[in-house]
Amino acid sequence: MRREDSASRAAGGERAAKNAVDAAFREEWGRVVATLIRTTGDWDLAEECAQDAFAAALQRWPRDGIPGRPGAWLTTAARNRAIDVLRRRAVGAAKLREVAAMAPVDEAPVETDHSGVPDDRLRLMFTCCHPALPLEARVALTLRTLAGLTTAEIARAFLASEPTMAKRLVRAKQKIANAGIPYRVPPAHLLPERVPGVLGVLYLLFNEGYSATAGSDLIRQNLGADAIRLARVLARLMPAEPETGGLLALMLLHDARRAARLDASGDLVTLEDQDRSVWDAGEISEGVTVLEAALRQGRPGPYQVQAAIAACHATAATADQTDWAQIAALYEQLLRFLPTPVAELNHAVAVGMASGPEAGLELVSALEDGGKLAGYHLLPATRADFLRRLGRLPEAAAAYREALQLASTDAERRYLSRRLEETSGPA
């Protein structure tokens with residue numbers, strides 16, 4: 001019995017240690033890598049040493065116990081590993097002296113931004129999202145260095161081969177070195193033009209996790225969670241930028257509905273048919289609170305407006321109680337910030353719900369005539385929905401067939417097939 005008790009305690013200790021390492025990875029990976037990049041200037045070395053530090057934690061924490069400050073332990077372990085690697089190379093004498101001169105983490109003075117929060121991760125975020133890099137490279141670097149995804153995981157997330165993604169990462173790092181892209185937060189006069197780029201990368205990550213652009217899985221939960229985690233970091237580090245709060249609120253309000261977007265068979269459930277009892281009330285409450293704080297700064301922007309639209313949906317007790325008139329008005333405001341065809345299509349949906357399908361159909365027809373959304377499956381799908389609501393079923397069926405040919409995920413194709421069957425019989 002005593003042996004069984006001892007074995008049980010040991011197993012419990014190992015589980016606790018592994019959970020602690022997993023939690024530390026989520027919270028500390030970006031911080032550890034950012035600190036080492038700042039100190040060594042070597043991105044690959046920083047990632048390698050961070051990986052080694054977490055591997056060491058998996059071995060030592062079950063035996064020695066979970067440290068009181070996991071992040072400090074990991075940073076020190078990574079620093080010591082970097083010293084060992086540089087010493088073996090025998091070519092980085094200057095860097096070796098610089099890294100070795102780092103004070104122990106518990107004693108080192110920490111550089112902070114105006115918010116009083118350590119800003120190495122903020123420097124890293126702006127470096128990863130520098131406008132000189134192609135958008136795909138910004139996304140890949142952000143996932144690799146700040147979220148800790150492996151090259152294989154990033155490749156899977158964006159349906160690329162691992163060698164292709166590895167080449168993208170190498171090219172991006174070479175571009176940073178060759179172009180002399182600085183590892184810093186831009187000066188104040190450049191922030192207004194640089195912050196939207198960082199926010200855009202994070203929102204792209206979230207959208208790919210929330211509604212995948214291709215493949216068998218409509219929702220990639222881990223990718224969305226990584227985007228929210230990075231948005232939280234950015235919002236904490238830049239509290240004076242209301243759009244960072246707007247983006248975080250938008251993500252939270254969308255993510256709150258994630259569990260209801262697919263049924264037990266993995267089929268898409270539209271917003272009006274979702275079971276609102278499974279929406280995450282905590283995320284909705286947090287999203288609304290974050291949005292209100294951002295709006296109080298009196299500098300509205302596109303993410304705040306989109307978050308306000310999401311809040312209208314998330315706080316409606318039933319689909320019938322949705323304030324579509326308010327949503328339509330918010331889309332009109334959004335179009336002043338983002339005059340894009342997709343925003344126009346969403347405005348058309350809101351108008352159709354607020355003023356009737358005829359009004360929405362008129363706006364959709366204008367978009368079709370403009371040709372800017374050619375090949376976008378939601379344009380014929382929206383037209384089909386308005387026609388179905390008007391009882392014009394043969395026309396609706398034709399539009400659903402058009403949308404079905406353009407849809408890129410299995411879940412969307414199954415949804416459109418069901419709608420087509422409702423309007424015309426089996427496809």
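The values are calculated or read from the model by the stated rules, or taken from the named source; none is laboratory data. Treat the numbers as computed from the prediction; the structure is a model and nothing was measured. Cβ placement follows ideal geometry from the backbone for every residue including glycine, while neighbour counts extend to all protein chains displayed. Accessible surface is based on the protein model in full, side chains and every heavy atom, while ligands, DNA and RNA are left aside. Shrake-Rupley method; radii C 1.70, N 1.55, O 1.52, S 1.80 Å.
Scanning the range 152-169 for residues that are open to solvent by less than 80 Å² (accessible area, probe 1.4 Å), more than 16 Å from LEU205 (Cβ to Cβ) and assigned to a helix (DSSP H, G or I) yields ALA152, THR164, ALA166. Looking at THR322, is it at pLDDT below 95 and under 23 Å from LEU262 (Cα atoms)? So THR322 does not fit the description; no.
Screening GLY287 with (1) open to solvent by 30 Å² or more (accessible area, probe 1.4 Å); (2) touching a residue at least 12 places away in the same chain (Cβ under 8 Å) gives one miss only, at (1). Contact list please: Cβ distance under 9 Å, first residue in the range 26-37 and polar (S, T, N, Q), second residue open to solvent by less than 10 Å² (accessible area, probe 1.4 Å) and part of a helix (DSSP H, G or I), pairs at least six apart or on different chains. Qualifying pairs under 9 Å: THR35/ALA46; THR35/ALA78.
So, ALA317, is that one farther than 13 Å from THR382 by Cα, part of a loop (DSSP other than H, G, I, E, B), open to solvent by 40 Å² or more (accessible area, probe 1.4 Å) and not polar (S, T, N, Q) or not? When the stated conditions are applied, ALA317 passes them. Residues in the range 357-384 that are in a loop (DSSP other than H, G, I, E, B) and open to solvent by 20 Å² or more (accessible area, probe 1.4 Å): GLY371, LYS372, ALA374, GLY375, TYR376, HIS377.
Among the numbered conditions (1) among the β-branched types (Val, Ile, Thr); (2) at pLDDT below 85; (3) buried (at least 21 other Cβ atoms within 10 Å of the Cβ), the only one that ILE219 does not meet is (3).
Considering only residues in the range 180-209 that are open to solvent by less than 20 Å² (accessible area, probe 1.4 Å) and not in a helix (DSSP H, G or I), the one that is farthest from GLU241 (Cα to Cα) turns out to be ILE181.
Restricting attention to the range 236-250, does a residue exist that is hydroxyl-bearing (Ser, Thr, Tyr), surrounded by 22 or more Cβ atoms within 10 Å (Cβ to Cβ), at pLDDT 85 or above and in contact with a Leu (Cβ under 7 Å, 6 or more places away or on another chain)? Checking the range 236-250: at least one residue is hydroxyl-bearing (Ser, Thr, Tyr), surrounded by 22 or more Cβ atoms within 10 Å (Cβ to Cβ), at pLDDT 85 or above and in contact with a Leu (Cβ under 7 Å, 6 or more places away or on another chain).
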